[in-house]
Amino acid sequence: MQLTRRDALSLGLGATALALVPLRVSAAADEAIAAFTGGAAPAMAGITLTAPEIAENGNTVPISVDSPGAVEIRVFADGNPTPAVAAFTFGPLAATHSASTRIRLAGTQDVVAIARMGDGSFAEARQTVKVTIGGCGG
Amino acid sequence: MISRRDFLQAGMAASAIVGASGFGNWSRLAAQQALTQDQLLQFDTFGNVSLIHITDTHAQMKPTWFREPEINIGVGANRGVPPHITGVDFLKKYNVEAGSARAYALTYQDFVSLAKGYGKMGGLDRCATVVNAIRSDRPEALLLDGGDTWQGSYTALKTEGRDMIKVMNAMGFEAMTSHWEFTLGLDRVTEIVENEMNFPFLGANIFDTEWDERAYPAYEMFERGGVRIAVIGQAFPYLPIANPSWLFPGLSFGVREDNMASLVEEVRAAGADLVVCLSHNGFDVDRKMVANVPGIDVVLTGHTHDALPEPLLVGKTLVIASGSNGKFVTRLDLDVQGGEVRGFKHKLIPVFSDVIAPAPDIAAIIDAERAPFEAEMAEVIGHTDSLLYRRGNFNGTWDDLICDALLSERDADIALSPGFRWGPSLLPGDAITREDIFNATSMSYPNAYRNEMTGEFLKVVLEDVADNLFNPDPYYQQGGDMVRVGGMGYRIDVTRPQGSRISDMTLLKTGEAIDPATTYIVAGWASVNEGTEGPPIWDVVESHIRKAGTVTIEPNTSVQVTGA
């Protein structure tokens, strides 16, 4: 039987499903984070990351970050082939130090937000975002 | 000085005592076959506010059999605690006598013999009688529905929920929240909300994806008995994941804990004395949410169909679980003074349909809505020698029958059937009518697909669904029970992480291990993807039952569970 695109969709299971076991942290993610922090250990307070626990659509996951006092915030998807997904810089006159965007996730993984503060220190927040096949809902 | 906590604990004790004496009386009386409506409804009015909660009726307007789960596994912090206890453990925990009317209503044991003794439960005309009785005690009692109300029956499917709207309007519901409602399609939901229902459709966590603004009112303020009550609605958080998002495009859901916290602050600032969350989160998600979000006095939980005879206290929040299918109506009386709950009294009222008289006005609406469909619903398709039920974490006998139908009618190696919690039971010897088949399958995306999947892909599917049920963090549990499987056996260790829970997948017809590289023919239904092709599942099941005449379901031993 030839599996057409329509048939593949009708499985009830998206084509992305084969990547659905939680992704490992890639070496590229560790490297990208280290390159930003210079190896400094970030504080686990001072930044808020808002993301869904389970993505409604892994191709467009809404996230927002907020870190009063930050001069720069970077967002990493630690299981994506290209982990660095966003960088926001805030000038001295910025009214708020927050930003929102939508990111693409290859599978279940941690989203990591790291802020560089005015004094050169770093702050980190992270959250697991699950990407699932779906269906079967109660 | 007595603290607020002391008051709550005193209230809890009073509730437990009322409950305990109630159980005793009922079991004795039941033994004499002498349950009475007055005893079921007996309640000494307390405080200054009454809440009435009904949830997850799944459009069951008439009385049904509904067997409670035998297997309901909790993981992580929720292992072995309510609602994750069943059978003897449940009876012991809540001091319920085995064989009593309450044991029949709340647990699965001796279900068949007790069902014959105590009769069917539910019926919205009987629920209406309970509501009327509470309102005669307390005219300003607030009647709230937790959702999953417009789907699950033949008539709700054919009328796109109109039958249920009419009944809800006539019963005087004052607010609801939602889940399966959205599977009617966004246009129909909008039509109902704007033109047909005469009470608010609340969803604090429903946002439009384009502007990230609320799509429905988050809460409604009521003033009852001099108390300002804020009812915040929380829809099922995982709708676009668990159900087809193409049916309600442009809407986003989620738990949105921060959103709930800011709403609680908002309603308190607006003068609310009592904050009630009318929720379709599911029990464990609600338990976590109210532990993290301060200021919610009562959460009326839904989705997971749990029926608990006593409130569960999380911090200062009362968690109320009112069951499903119209089997129960919760009455919660509260004493609210100066913006604080000073005490409460609670009763999970079991709706024994042969004991509680139907309210004539509601019975007339139900009959009128059913009349055009009565002949086609009543047609007997076959009979069952076995108890047919669904509720439970793994395969129920209804699911086994559906999987058998998929395997034979669609000529497949393996069948997959979704882990829904709805669907009433049938007793051995019962006729299976077309209505009964629809009660187990009725929904707006019923196509039974037939396709090829590799063994590797099947493993991914089982692991994915298992994590949606057994992830130790409730916020990462997506919804239903485990996918039901026909033609294939497997082992599951619920304590393992995703990717390593499932093992020993075996093709039952050959006894051989499932090979990751081999392709199997798989039949299933209720795909969340648009454009799924195949006959509706009810036609598949009807054809199978017609051929069988009388169905017999052998005990299913092909799923081996460990770590529970």
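Could you list all residues from segment B:266-288 that are among the charged types (D, E, K, R), over 17 Å from the mean Cα position of the chain (by Cα) and over 26 Å from B:E210 (Cα atoms)?
B:R268, B:D273, B:K288
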Taking B:N198 as the residue in question, decide whether it is surrounded by fewer than 21 Cβ atoms within 10 Å (Cβ to Cβ) and either in a loop (DSSP other than H, G, I, E, B) or among the β-branched types (V, I, T) (or both).
yes
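If you check B:S100 against the conditions, is it of a type in the set (S, T, N, Q) and more than 21 Å from B:Y118 (Cβ to Cβ)?
no
Give segment B:45-56 a look and list any residue that's assigned to a strand (DSSP E or B) and within 14 Å of the chain's Cα centre (by Cα), or say none.
B:H53, B:I54
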Please indicate, with yes or no, whether at least one residue in segment B:534-557 is over 29 Å from B:A378 (Cβ atoms) and assigned to a strand (DSSP E or B).
no
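Yes/no per residue for (1) in contact with a strand residue (DSSP E or B) (Cβ under 9 Å, 6 or more places away or on another chain); (2) among the polar types (S, T, N, Q); (3) more than 14 Å from chain B (Cβ to nearest Cβ):
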site: A:V61; (1), (2), (3): yes, no, no
site: A:E72; (1), (2), (3): yes, no, yes
site: A:F76; (1), (2), (3): yes, no, yes
site: A:V85; (1), (2), (3): yes, no, yes
site: A:I103; (1), (2), (3): yes, no, yes
site: A:Q109; (1), (2), (3): yes, yes, no
site: A:A115; (1), (2), (3): yes, no, yes
site: A:F122; (1), (2), (3): yes, no, yes
site: A:Q127; (1), (2), (3): yes, yes, no
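Every residue, every condition in (1) among the hydroxyl-bearing types (S, T, Y); (2) surrounded by fewer than 18 Cβ atoms within 10 Å (Cβ to Cβ); (3) assigned by TED's automatic domain parsing to the domain that holds B:V351, yes or no:
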{"residue": "B:E97", "(1), (2), (3)": "no, yes, yes"}
{"residue": "B:G122", "(1), (2), (3)": "no, no, yes"}
{"residue": "B:T129", "(1), (2), (3)": "yes, no, yes"}
{"residue": "B:I134", "(1), (2), (3)": "no, no, yes"}
{"residue": "B:Q151", "(1), (2), (3)": "no, no, yes"}
{"residue": "B:K166", "(1), (2), (3)": "no, no, yes"}
Filter the helices (runs of 4 or more DSSP H) completely within segment B:397-512 down to those with at least 2 residues that are touching a strand residue (DSSP E or B) at 6+ places or on another chain (Cβ under 7 Å), away from chain A (no Cβ under 13 Å) and surrounded by 24 or more Cβ atoms within 10 Å (Cβ to Cβ).
B:397-409, B:434-441
I need the full set of residues from segment B:218-245 which are under 27 Å from A:V129 (Cα atoms), surrounded by fewer than 24 Cβ atoms within 10 Å (Cβ to Cβ) and away from chain A (no Cβ under 14 Å), in order please.
B:A218
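A quick yes/no check of all residues on (1) more than 22 Å from A:S98 (Cα to Cα); (2) within 13 Å of the chain's Cα centre (by Cα); (3) part of a strand (DSSP E or B):
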position	(1), (2), (3)
A:R24	yes, no, no
A:A28	yes, no, no
A:I33	no, yes, no
A:P52	no, yes, no
A:P62	no, yes, yes
A:V71	no, no, yes
A:V75	no, yes, yes
A:G79	yes, yes, no
A:T82	yes, yes, no
One residue from B:D467, B:D504, B:D493 being acidic (D, E) and under 22 Å from B:P244 (Cβ atoms):
B:D467
Being surrounded by fewer than 17 Cβ atoms within 10 Å (Cβ to Cβ) and under 18 Å from B:D436 (Cβ atoms) is the filter here, so list the residues in segment B:537-559 that pass it.
B:D539, B:S543, B:R546, B:K547, B:G549, B:T550, B:T552
A:V112 fails exactly one of the following numbered conditions: (1) in contact with an Asp or Glu (Cβ under 6 Å, 6 or more places away or on another chain); (2) surrounded by fewer than 20 Cβ atoms within 10 Å (Cβ to Cβ); (3) among the β-branched types (V, I, T). What is the number of that condition?
(2)
Identity of the residue in segment B:246-263, out of contact with any Ser or Thr (no Cβ under 7 Å at 6 or more places or on another chain), of a type in the set (G, A, S) and more than 7 Å from chain A (Cβ to nearest Cβ), that ends up surrounded by the fewest Cβ atoms within 10 Å (Cβ to Cβ):
B:S262
Quick check on segment B:448-461. Is at least one of its residues within 19 Å of B:D56 (Cβ to Cβ), among the hydrophobic types (A, V, I, L, M, F, W, C) and not assigned by TED's automatic domain parsing to the domain that holds B:T64?
no
Go through B:T190, B:T155, B:T159 for me and flag whichever is touching a residue at least 40 places away in the same chain (Cβ under 8 Å) and either surrounded by fewer than 21 Cβ atoms within 10 Å (Cβ to Cβ) or within 14 Å of chain A (Cβ to nearest Cβ) (or both).
B:T159
Quick check: is even one residue across segment B:69-82 within 28 Å of B:D273 (Cβ to Cβ), modelled with pLDDT of 95 or more, surrounded by fewer than 17 Cβ atoms within 10 Å (Cβ to Cβ) and of a type outside the set (K, R)?
no
Mind checking which residues of segment B:416-462 are in contact (Cβ under 8 Å) with a residue 12 or more places away in the chain and of a type in the set (V, I, T)?
B:I432, B:T433, B:I437, B:T441, B:T454, B:V461
Taking the criterion of being free of Cβ contacts under 8 Å to residues at least 12 places away in the same chain, facing another protein chain (nearest Cβ under 9 Å) and not aromatic (F, W, Y), would at least one residue in segment B:528-537 satisfy it?
yes
Which helices (runs of 4 or more DSSP H) sit wholly inside segment B:57-161 and have at least 1 residues that are touching a Lys or Arg at 6+ places or on another chain (Cβ under 6 Å)?
B:111-118, B:124-137, B:154-158
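The values are calculated or read from the model by the stated rules, or taken from the named source; none is laboratory data. Nothing here was measured: the structure is a model prediction, and the numbers come from that model. Please note: Cβ atoms are built from the backbone with ideal geometry, for glycine as well, and neighbour counts cover all protein chains shown.
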